[in-house]
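Below is one structure, written out as structure tokens; the observations come after it.
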Amino acid sequence: MRLLQVAALSVLLPATALPQGAEWVRANYTKHEFRIPMRDGKRLFTAVYSPKDRSKTYPFLLSRTPYSIAPYGVDNYRSALGPSEEFAKDGYIFVYQDVRGRFMSEGTFLEMTPHRPAKRTPAEVDESSDTWDTIEWLLKNIRGHNGRAGIVGVSYGGFYAAAALPGAHPALKAASPQAPIIDLFNGDDGFHNGAFFLAANFGFYAFFDEHKEPQRPRPRSTPDWSPQDGYEFFLNLGPISNIDEKYFRFQNPYWTALTRNTNFNEFWKARNLAPHLANLTPAILSVGGWFDAEDLAGPLNLWRTARANGPRGPTTLVMGPWSHGQWSRGEANQLGPIHFHIDNGDYFRNEVQFPFFQFHLKDKADPKLPAALLFRTGANEWHKFDEWPPKTARKRTLYFHAGGRLSFDAPAETDAHDEYQSDPANPVPFTSFIARGMPREYMVDDQRHAARRPDVLVYETEPLEEDITLGGPLTARLFVSTSGTDSDWVVKLIDVYPNDHPDPDPNPAGVRLGGYQQLIRGEPFRGRFWQGFETPTPLPANQFVKIEYVLPDVFHTFRRGHRIMIQVQSSWFPLIDRNPQKFVPNIPDARPADFTRTTQRVRRSASAASGLELYEIR
């Protein structure tokens, strides 16, 4: 949803990265500004760019955002139009809108506006109705259209594109939610399996504040990140209660909502879009990145839910080797030191996204997109699937063994476990390098810094004798105990490169890829939710319990000579907040005295075989 540094907002506004220029846009398009009335009387500020060539009709392409549609004023033009330059060259009526309660639009902004399936009065509105009312007004008041509309958006804009789908306007023929938030509590920006994503949300709400009346963007001060090392910065701040008092208390209702609603209660249930993604009529292009630090789960959730609930139009999933929104700009073929060796950006924009809208909005050639178009990392290839995971995939489990071994053979020991000490005063850092917030590179970062710590369990295969390809969701199945009454468990899947692996070329940072431990997927689980996310429950001290949870999909080939590694730990800081490891009713209210050093145990016996279940594709 939210690239957290202000400087990164260009990812959320695709037009800023496109090589058109304001003068080209001015020469080819005419800009108008409107305050479009919604059914409840509130007016949403909207900029419409219409082609000056009136010899033909054009479809609408709508983008709705909480991040401002600047520049404002009919004589001030955007530097580029559309999600890529092909759209503006071919001709569309581009529509940009400040969503309700943001910048120049009236009304009250709600984080992840709850969808209202039954709207009995004009006062009952949501993002679906606001999109409907906008399209209806455009059809009646803008000349030169062909009667069709599409919607596209990245990140929070992806949520608005997805939220337009339930009960969509008949003219809405095509939608591309890209990195959309679907369920903010379960897997997107806010929480992952109950663990609060601290660095991400702190950075976001430091600039995303409440607008009580329409306003243009204004200069804002940001928190003093001193020291620049985010690990030290958050450790010095102490418990989240200190962060509340120093930065957010009574100042940002959105941050406060997160720290007051830390279990899956009615607040989050109302904001879960997934239950409403049924019988959808527009064609859907759901786009995401395998290394999206913000919204990896959203595109997968949208695609699976929509396909399972009777879509009336084609529904395609595209997942590339990208960080958050990376597909919208440049070559998109590298993340940190990891190169993918294909111009994935142009491929997506020219061969997938543009033809998708051209076909559904202009009757151009059918791109014949599959149900799933997925990039296979490790091998660096694109693949098409009729379903995902494919029927040919077989379930297997990688089990933990004595001596840090990892294999597909189940353990034979009758009573065996590994253990470590977890200290909230010395949490495991989530990056191998100094970082201020949540850098996108953490998704492929070298995990050798964690493997060397005594509070991280490491399990590793022998060098592979042949390639192994994993595809689909992963399931962590742990039999664990803690000497405390609450705990986190983090499971990480890692690709260990052979020692003779060549370094990047060029290599200005001096990265050594020999022995590199590339993070492929990692997810935390907050132990207090071992009996369900609705009601946190203390863990029974020193008693083994079963913890099972799903990690987002992968599509990755571990090459011959590489090793597969799994790491298990109980902190991942400051990506997630510190668990005090003593049960308290609400972790953001924990005080310094609540933070306790504990002994963690992970069983690896025949009757309690901890491991990672996966899908192998041959």
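The values are calculated or read from the model by the stated rules, or taken from the named source; none is laboratory data. Since this is a predicted model, take the numbers as computed values, not measurements. Ideal geometry is used to build each Cβ from the backbone, glycine not excepted, and the neighbour counts take in all protein chains shown. Surface areas here come from the heavy atoms of the whole protein model, side chains and all, with no ligands, DNA or RNA. Shrake-Rupley method; radii C 1.70, N 1.55, O 1.52, S 1.80 Å.
Among the numbered conditions (1) in contact with an Asp or Glu (Cβ under 9 Å, 6 or more places away or on another chain); (2) β-branched (Val, Ile, Thr); (3) open to solvent by 30 Å² or more (accessible area, probe 1.4 Å), tell me where VAL48 comes up short.
(3)
Does the stretch 424-440 hold any residues that are touching a Phe, Trp or Tyr at 6+ places or on another chain (Cβ under 6 Å), under 14 Å from ALA450 (Cα atoms) and open to solvent by 10 Å² or more (accessible area, probe 1.4 Å), and which are they?
PRO429, THR431
Return only the number of the condition from (1) open to solvent by less than 40 Å² (accessible area, probe 1.4 Å); (2) in contact with a Leu (Cβ under 6 Å, 6 or more places away or on another chain) that ARG560 does not satisfy.
Answer for ARG560: the failing condition is (1).
Which numbered condition in (1) of a type outside the set (A, V, I, L, M, F, W, C); (2) in contact (Cβ under 8 Å) with a residue 40 or more places away in the chain; (3) assigned to a loop (DSSP other than H, G, I, E, B) is the only one that PRO59 fails?
Tallying (1) of a type outside the set (A, V, I, L, M, F, W, C); (2) in contact (Cβ under 8 Å) with a residue 40 or more places away in the chain; (3) assigned to a loop (DSSP other than H, G, I, E, B), PRO59 fails exactly one: (3).
Residues in the stretch 225-242 that are at negative phi, in a loop (DSSP other than H, G, I, E, B), of a type outside the set (S, T, N, Q) and surrounded by fewer than 19 Cβ atoms within 10 Å (Cβ to Cβ): how many?
Matching residues across the stretch 225-242 total 3.
Being without any contact (Cβ under 8 Å) to a residue 12 or more places away in the chain and either within 17 Å of ALA609 (Cα to Cα) or among the charged types (D, E, K, R) (or both) is the filter here, so list the residues in the stretch 455-509 that pass it.
ASP503, ASP505 - these are the residues of the stretch 455-509 that are without any contact (Cβ under 8 Å) to a residue 12 or more places away in the chain and either within 17 Å of ALA609 (Cα to Cα) or among the charged types (D, E, K, R) (or both).
Condition first: open to solvent by 10 Å² or more (accessible area, probe 1.4 Å), touching a strand residue (DSSP E or B) at 6+ places or on another chain (Cβ under 6 Å), closer than 15 Å to THR259 by Cα and touching a residue at least 40 places away in the same chain (Cβ under 8 Å). Can you find one or more residues in the stretch 182-192 that meet it?
Taking every residue of the stretch 182-192 in turn, at least one turns out to be open to solvent by 10 Å² or more (accessible area, probe 1.4 Å), touching a strand residue (DSSP E or B) at 6+ places or on another chain (Cβ under 6 Å), closer than 15 Å to THR259 by Cα and touching a residue at least 40 places away in the same chain (Cβ under 8 Å).
List the residue pairs whose Cβ atoms are under 6 Å apart, where the first residue sits in the stretch 337-356 and is at negative phi, the second is part of a helix (DSSP H, G or I) and not hydrophobic (A, V, I, L, M, F, W, C), and the two are 6 or more positions apart or on different chains.
That search, which allows pairs on different chains as well, returns PHE354/GLU86.
Looking at this structure, is ARG477 closer than 23 Å to HIS449 by Cβ, touching a strand residue (DSSP E or B) at 6+ places or on another chain (Cβ under 9 Å) and in a strand (DSSP E or B)?
no
Which of the residues that make up the stretch 38-57 are out of contact with any helix residue (DSSP H, G or I) (no Cβ under 6 Å at 6 or more places or on another chain) and under 20 Å from GLN215 (Cβ atoms)?
Answer for the stretch 38-57, where residues must be out of contact with any helix residue (DSSP H, G or I) (no Cβ under 6 Å at 6 or more places or on another chain) and under 20 Å from GLN215 (Cβ atoms): GLY41, LYS42, ARG43, LEU44, PHE45, THR46, ALA47.
So, of the residues in the stretch 508-525 that are in a loop (DSSP other than H, G, I, E, B) and not basic (Lys, Arg), which turns out to be most open to solvent (accessible area, probe 1.4 Å)?
PRO508
Quick test for you: out of TRP268, TRP255, pick the one residue that is under 20 Å from the mean Cα position of the chain (by Cα), modelled with pLDDT under 95 and open to solvent by less than 40 Å² (accessible area, probe 1.4 Å).
When all the criteria are applied, what remains is TRP255.
Just the residues that are in contact (Cβ under 8 Å) with a residue 60 or more places away in the chain and of a type in the set (S, T, N, Q), please, taken from the stretch 533-566.
If the condition is that a residue be in contact (Cβ under 8 Å) with a residue 60 or more places away in the chain and of a type in the set (S, T, N, Q), then THR535, ASN542, GLN543, THR557 are the ones that fit.
If the Cβ limit is 7 Å and pairs must be 6+ apart or interchain, which residue in the stretch 199-219 that is under 16 Å from LYS246 (Cα atoms) and modelled with pLDDT under 95 pairs with which residue that is open to solvent by 60 Å² or more (accessible area, probe 1.4 Å) and not charged (D, E, K, R)?
Going by the 7 Å Cβ cut-off, the qualifying pairs are GLY203/GLN5; ALA206/THR222; PHE207/VAL6; PHE207/THR222.
Restricting attention to the stretch 44-84, report how many residues are within 30 Å of the chain's Cα centre (by Cα) and among the charged types (D, E, K, R).
2
Residues being surrounded by 20 or more Cβ atoms within 10 Å (Cβ to Cβ) and not small (Gly, Ala, Ser): count how many of those fall in the stretch 68-88.
Qualifying residue count, the stretch 68-88: 6.
Considering each of TYR96, TYR72, TYR49 in turn, give the residue that is part of a loop (DSSP other than H, G, I, E, B) and in contact (Cβ under 8 Å) with a residue 24 or more places away in the chain.
TYR72 is the lone residue from the list that is part of a loop (DSSP other than H, G, I, E, B) and in contact (Cβ under 8 Å) with a residue 24 or more places away in the chain.
Filter the stretch 333-342 down to the residues that are open to solvent by less than 10 Å² (accessible area, probe 1.4 Å) and assigned to a loop (DSSP other than H, G, I, E, B) and list them by number.
Across the stretch 333-342, the qualifying residue is only PHE340.
Go through GLU213, GLU294, GLU245 for me and flag whichever is open to solvent by 60 Å² or more (accessible area, probe 1.4 Å), of a type outside the set (A, V, I, L, M, F, W, C) and either under 26 Å from HIS324 (Cα atoms) or assigned to a helix (DSSP H, G or I) (or both).
The unique qualifying residue is GLU245.
Of the residues that make up the stretch 106-118, is at least one in contact with a Leu (Cβ under 9 Å, 6 or more places away or on another chain), part of a loop (DSSP other than H, G, I, E, B) and more than 19 Å from PRO180 (Cβ to Cβ)?
Checked the stretch 106-118: at least one residue is in contact with a Leu (Cβ under 9 Å, 6 or more places away or on another chain), part of a loop (DSSP other than H, G, I, E, B) and more than 19 Å from PRO180 (Cβ to Cβ).
Among the residues that make up the stretch 16-26, is at least one of them farther than 29 Å from GLU124 by Cβ, modelled with pLDDT under 95, part of a helix (DSSP H, G or I) and not basic (Lys, Arg)?
yes
Can you tell me how many residues within the stretch 588-618 are of a type outside the set (Gly, Ala, Ser) and open to solvent by 10 Å² or more (accessible area, probe 1.4 Å)?
15
For residues that are charged (D, E, K, R) and touching a strand residue (DSSP E or B) at 6+ places or on another chain (Cβ under 8 Å), scanning just the stretch 489-525, find the one that is farthest from PHE197 (Cα to Cα).
That would be ASP495.
Restricting attention to the stretch 305-327, does a residue exist that is under 26 Å from PRO367 (Cα atoms), open to solvent by 20 Å² or more (accessible area, probe 1.4 Å), part of a helix (DSSP H, G or I) and in contact (Cβ under 8 Å) with a residue 60 or more places away in the chain?
Checked against the condition, which is being under 26 Å from PRO367 (Cα atoms), open to solvent by 20 Å² or more (accessible area, probe 1.4 Å), part of a helix (DSSP H, G or I) and in contact (Cβ under 8 Å) with a residue 60 or more places away in the chain, the stretch 305-327 yields at least one hit.
List every residue pair whose Cβ atoms sit under 8 Å apart, with the two residues 6 or more apart in sequence or on different chains, where the first one lies in the stretch 577-594 and is closer than 17 Å to ASN236 by Cα and the second, anywhere, is part of a helix (DSSP H, G or I) and among the polar types (S, T, N, Q).
Pairs found: PRO588/SER241; PRO588/THR259; ASP589/SER241; ALA590/SER241; ARG591/SER241.
Give me a count of the residues in the stretch 273-291 that are open to solvent by 20 Å² or more (accessible area, probe 1.4 Å) and either within 24 Å of GLU210 (Cβ to Cβ) or not small (Gly, Ala, Ser) (or both).
Total meeting the criteria: 4.
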